[in-house]
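What follows draws every value from the coordinates through simple rules; no lab data is involved. All figures in this text were calculated on a predicted structure; none of them were measured in a lab. Here Cβ is always computed from backbone atoms with ideal geometry, including for glycine, and neighbour counts include all displayed protein chains.
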Amino acid sequence: MKRLRITLLGVCWFVVTATLHSQTPTLDLSLGNGARRLDLRGQAGLAHILQVSDTLGASTNWADLLTITMTNGSNPWFDNLSGSTPARFYRLLRPGTPPPTVFAPNLRLIDHQDRMQELLYHTHRRAVVLVFTSNTCTNSAASIPVIQALRNQFGPQGVLFQLINADNFPNRTNLATWAAAHAVDVPVLHDPGRLLAHELGARSTTEAFCFNTTNWNLFYRGALDDRPDFNQAPTAFTQNYLSNALASFLAGRVVTPRRTAAQGCTIPMPAVTNVSYSTRIAPLLQARCVHCHSPGNIGTWSMTNHLVVSLYAGAIRREVLARHMPPWHADPQHGRFTNDVSLTSDEIATLVQWINAGAPRGTGPDPLADNPPPPAVDWPLGPPDAIISIPRQSLPANGEVAYRYVDLPTPFTSNVWLRAAVVKPGNRRVVHHVLVYFGSISTFMGLDGFFAGFVPGMDQVPYPAGTGKLLPAGTQLRFQIHYTTTGQVESDQTQLGFYLAPTPPAAELQTKSAYDFLSFFGFYSIPAGAADHPAVTASFTPSSTKDVMLYEMSPHMHYRGARFKYEAVYPDNSREVLLSVPKYDFHWQTLYRLATPRRLPAGTRIVCSGGFDNSAQNRHNPNSAIPISFGEQTDDEMFIGYLNFAVIP
């Protein structure tokens with residue numbers, strides 16, 4: 001039987017306390033400082049929930065106001081919204097079980113300055129604070145000075161602040177405009193599909209989420225302070241929730257209250273609907289995932305039917321939210337590419353919603369089981385005119401395999417024109433990627449000689465119509481091969497097939513690169529521990545006298561590579577971003593093939609910029625304690641922007 005105590009204050013103000021346990025929580029209500037004061041009491045050390053309603057009856061809809069961990073004696077709290085409605089009812093509850101621990105989801109989101117932000121990267125911070133905003137919410141804009149003041153206060157103590165835009169804009173243009181208009185100097189992250197808002201259950205702008213980076217637990221959620229309108233100046237009685245929570249956390253004290261109600265604009269969320277595995281999920285996996293996750297291919301497990309997928313549902317959820325899978329790293333705001341294997345934000349939301357519902361099988365056929373992919377074809381373009389093979393490579397069962405480099409001569413005694421060159425892995429289970437480039441000393445460390453490649457899921461296609469590659473006689477080819485282990489001893493003998501052009505093409509397909517020559521002689525160094533060290537800007541002019549057609553781009557860095565951007569600087573000095581890779585990953589040597597080749601006027605420069613991460617937070621970094629210079633080994637660094645283009649005759 002619940003124990004109730006009702007206190008009447010004035011005409012229509014009531015207070016209700018309820019509990020299911022001994023040591024009944026109690027509260028007293030009084031009027032002071034223009035707001036109603038509630039003195040809360042309960043069992044010290046336990047969380048209690050204060051709820052509110054504007055009506056009282058059998059169908060009362062109670063809303064949480066705050067979650068507070070009780071201390072000995074009275075715990076005062078002021079309700080600054082109590083004068084906004086004719087009636088206000090309260091009840092204080094002590095839940096039968098502690099609130100569940102909330103962990104930070106690891107999402108990658110791009111901010112208004114085109115930088116990729118990954119939440120769990122920030123292990124060097126003591127706390128991370130995420131605050132939801134909206135371009136259309138006036139209270140959100142008014143909160144910016146409060147947020148930036150808190151950042152100035154707590155940033156030097158190891159607290160990172162980031163804003164999450166909840167407007168679901170299709171691109172980030174509006175974010176940059178809004179940030180400039182309101183003098184925002186905190187990163188504003190684009191949350192397409194409201195993926196992060198959904199994961200955290202955010203319902204209002206100005207709502208803050210504070211995470212402890214030691215274990216990524218949520219230690220505070222709610223309002224910045226108790227003002228209903230941030231255009232109002234704070235008073236001596238303003239309850240500074242976020243400031244107090246951060247101060248308590250940094251001092252090792254109990255954070256209380258640990259949840260409050262934010263006063264902002266509602267973040268709209270789509271209604272949850274049933275997602276069909278048969279008609280939506282399985283076709284999505286077939287289109288985006290099965291080319292790697294199928295028998296005999298590089299995926300560590302195969303998506304052969306619903307049961308298997310359901311067993312890996314948790315891993316799928318983590319990987320797609322963090323955008324680790326499918327492996328695609330280009331910013332969707334810049335350029336369209338025919339080999340884009342990424343999931344859209346809406347597709348991720350659909351997949352995650354299905355997994356959150358328990359990955360149900362539902363009704364209908366199982367396309368994964370009924371329509372397995374065809375076995376990998378040795379030579380998708382037909383039998384080559386010539387083939388060269390690397391020596392058989394023996395691989396251990398476990399551990400990381402250092403990159404293998406193999407030099408082979410071409411099989412031709414005279415110059416030949418090619419319509420295609422195809423890399424065929426000998427063992428798709430272990431071949432992660434292969435790059436083949438001209439390795440002669442005259443091309444200096446491959447700067448001028450990217451020739452062919454293979455990455456999982458790559459469509460091996462002929463060169464663009466009307467083009468071909470010239471392979472000079474006597475050319476030495478260098479294979480760079482990245483292997484993975486499978487738990488058993490393996491071997492591989494990768495091959496390169498050459499397809500001869502019947503006649504010389506109208507234009508030569510050239511592979512050149514943008515690079516800074518002096519960097520390769522030690523005139524550039526990445527400091528030890530540098531988290532975002534800018535690369536030396538590299539540039540290349542495909543032709544000063546003729547227009548060119550640009551087909552493909554391929555950035556090349558090593559383990560400390562962080563970001564890479566290609567820009568076209570036209571003869572009139574206008575600029576256009578052709579490709580931006582805000583989160584470079586050396587393990588995926590992707591060739592980005594333009595959906596529509598770009599005609600570049602004569603004299604156009606291709607300018608490449610980027611940055612390196614030599615910090616301990618870079619999980620691929622072999623050693624963050626030493627400075628790094630340029631070199632061929634993967635423990636060294638490079639910054640090369642490869643281009644495939646043809647000069648228009």
Show that you can apply the helix-only estimate: for the chain, add -39,500 (n - 2.57) for every DSSP H stretch of four or more residues, divide by all residues, and state [θ] at 222 nm to the nearest 500.
-3500 deg cm²/dmol
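Can you give the net charge of the other residues whose Cβ lies under 11 Å from the Cβ of residue 469, counting K and R as +1 and D and E as -1? Provide the component values of the computation, followed by the final result.
On the way: positive: 419; negative: 508.
That works out to 0.
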Once amide H atoms are placed 1.01 Å from N in the peptide plane, what residues at a sequence separation of 5 or more from residue 204, or on another chain, have their amide H within under 5 Å of its amide H?
267
Determine the distance separating the Cα centre of the range 487-528 from the Cα centre of the range 149-185; give it in Å without decimals.
40
Which shape class, rounded, prolate or oblate, goes with the range 280-439 when its Cα gyration tensor gives a ≥ b ≥ c as root eigenvalues, a/c under 1.5 marks rounded, and past that a/b bigger than b/c marks prolate?
prolate
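How big is the shadow of the Cα convex hull of the range 34-114, averaged over all directions, in nm²? Mind dumping the intermediate values first?
Working: hull surface 37.7 nm².
So the mean shadow area of the Cα hull is 9.4 nm².
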Counting only residues 5 or more places away or on other chains, whose amide H sits under 5 Å from the amide H of residue 426 once H atoms are built in the peptide plane?
493, 494, 495
Could you give each residue of the range 551-567 its phi-based ³J(HN,Hα) in whole Hz, using Karplus coefficients 6.51, -1.76, 1.60 with θ = phi - 60°, and x for Gly or Pro?
10, 8, 9, 8, x, 9, 9, 10, 4, 8, x, 10, 7, 8, 9, 9, 10
Counting only residues 5 or more apart in sequence or on a different chain, those whose built amide H sits under 5 Å from that of residue 639 are none
Within straight-line cross-link reach of residue 469, lysines at Cα separation under 22 Å, skipping those fewer than 8 residues along the same chain:
424, 512, 546
Rounded to 10°, Cα long-axis angle of helix 241-251 versus longest principal axis of the chain
70
Calculated from backbone phi, Karplus (6.51, -1.76, 1.60) coupling profile of the range 153-169 in Hz, x at Gly/Pro:
6, 9, x, x, 9, x, 9, 9, 10, 9, 9, 10, 7, 9, 7, 6, 5
When Lys and Arg each count +1 and Asp and Glu each count -1, what net charge do the other residues less than 15 Å away from residue 528, Cβ to Cβ, add up to?
-4
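Using 1/(1 + (r/R0)^6) with R0 = 35 angstrom and r between the beta carbons of residue 503 and residue 405, what's the FRET efficiency to the nearest 0.05? Mind showing how you got there, number by number?
Working: r = 35 Å, r/R0 = 0.99.
Between residue 503 and residue 405 the formula returns 0.50.
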Cross-link candidates for residue 583: which lysines have Cα within less than 16 Å, leaving aside residues fewer than 8 places away along the same chain?
565
DSSP-defined beta bridges in the chain - what % are antiparallel, rounded to 5:
85
So what's the net charge close to residue 338: Lys and Arg +1, Asp and Glu -1, counting the other residues with Cβ under 14 Å from its Cβ?
0
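Direction-averaged shadow area of the convex hull around the Cα atoms of the range 143-270, nm²? Show your work: numbers first, answer last.
On the way: hull surface 33.3 nm².
So the mean shadow area of the Cα hull is 8.3 nm².
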In whole angstrom, the spacing between the Cα centers of the range 597-626 and the range 299-367 equals 28
Mean separation of Cα contacts under 8 Å, 6 or more apart, over the residue count of the range 77-188: relative contact order %
26
Based only on Cα atoms, what Rg/Rh ratio does the range 245-336 have, Rh being taken as Kirkwood's radius?
1.16
From the phi angles alone, apply the Karplus equation (6.51, -1.76, 1.60; θ = phi - 60°) to the range 345-352 and give each ³J(HN,Hα) in whole Hz, x where the residue is Gly or Pro.
4, 5, 5, 4, 4, 5, 5, 5
Fewest Cβ neighbours within 10 Å first, please rank 190, 334 accordingly.
334, 190
Please compute, over every Cα-Cα pair in the range 556-649, the percentage with a separation greater than 23 angstrom.
34
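Taking the Cα centre as origin and putting +1 on Lys and Arg beta-carbons and -1 on Asp and Glu beta-carbons, what dipole magnitude results for the range 510-647, to the nearest 20 debye? Show your work: numbers first, answer last.
Details: 12 positive and 13 negative charges, 82 e Å.
Dipole of the range 510-647, to the nearest 20 debye: 400 debye.
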Work out how much length residue 353 to residue 274 would gain on full extension: take 0.36 nm times their residue separation and subtract the Cα-Cα distance, in nm to one decimal.
27.6 nm
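May I ask for the percentage of alpha-carbon pairs in the range 386-505 that lie more than 16 Å from each other?
On the way: 4397 of 7140 pairs.
Looking at the range 386-505, the distances longer than 16 Å represent 62 percent of pairs.
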Calculate, axis by axis, the spread of Cα positions in the chain along the three principal axes, and write the results as whole Å, longest axis first.
101, 56, 42
